[in-house]
Amino acid sequence: MGVGIRAAGPGDRELVVRLLDEAFQDDPVSGWVFPGEEYRRTTHQRLMAAFTDIVLADGRIDITEDGTACALWLPVPAGDRTDEAEQGGNGEEDDETDEAVRLREAVDPANARVEEIARLMAEAHPAGRAHEYLWMIGVTPGRQGEGLGSALIEHVLRRCDHAGLPAYLEASSARSTKLYERLGFAFTGSTLDLPDGGPRMWPMWREPRSREAARPRSS
């Protein structure tokens, strides 16, 4: 039986925030940003709310019809930091720094790691080609392992293939890289290692598949 998926709207905000908060409580990156179970339990939701607001404004959130899983996607336009650097400008870097600062101030002003994770992920993000960015995907703990995440990702990857768009994400565990590899993503070759003994992230890129390549071959 297929998984029903719909686009989330402003009225789904609290549902999405709660779902992400529950799904990422035990995530290694969330644990690094908000060390300590009690601290994470009371503060982590603010970061999930900030991410949800950004994507509701500028991207797309897909959610299963039963409200147990969601995926946050942002369209990234073509651009090249190298070109800007050659022209002597650093406006994009300044913008990224400002956004990271604003995120920290909105979420947890005394927590430098909120700003640091935003800055490090922005610096590692590939520039040049337009692509779809899978910022986050969350499945409620009781429903993980049922294929809901794969269904949500494939829902957008079909559109990527049709439009000829690549896709990008950062895997937060070695285990999750296996799922993304099955969906056509490949490790970019350079991990993102968070400082102070923090966890490792795996940036992954997926080239669009042509209809011929995606179609099963007959024997």
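Values in this text are rule-based calculations from the coordinates and carry no lab data. Note that this is a predicted model, so its numbers are computed, not measured. Reconstructed Cβ throughout: ideal geometry from the backbone, glycine too, with neighbour counts over all protein chains shown.
Values as computed for the structure displayed
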read-out: Percentage relative contact order, the chain, counting C-alpha pairs under 8 Å, at least six apart; value: 21
read-out: Label-to-label distance, nm, for residues given as Ala186 and Glu99 (7 Å Cα→Cβ offset); value: 2.7
read-out: Globularity ratio of region 1-70, using Cα Rg and 2.2 N^0.38 Å; value: 1.17
read-out: Total formal charge among the other residues, if their Cβ is under 15 angstrom from that of Leu194, Lys/Arg +1 and Asp/Glu -1; value: -4
read-out: Whole-Hz couplings from phi, Karplus 6.51/-1.76/1.60, listed for region 134-142; x for Gly and Pro; value: 7, 6, 8, 9, x, 10, 4, x, x
read-out: Helical mean residue ellipticity (222 nm; -39500 (n - 2.57) per DSSP H run of 4+; nearest 500) of the chain; value: -14500 deg cm²/dmol
read-out: Net charge of Cβ neighbours under 14 Å - reference Arg40; Lys, Arg +1; Asp, Glu -1; value: -4
read-out: Per-peptide average of other Cβ atoms within 10 Å, ordering 66-73, 109-116, 169-176 highest first; value: 66-73, 169-176, 109-116
read-out: Residue-count net charge about Ile61 - beta-carbon cut-off 12 Å; Lys, Arg +1, Asp, Glu -1; value: -1
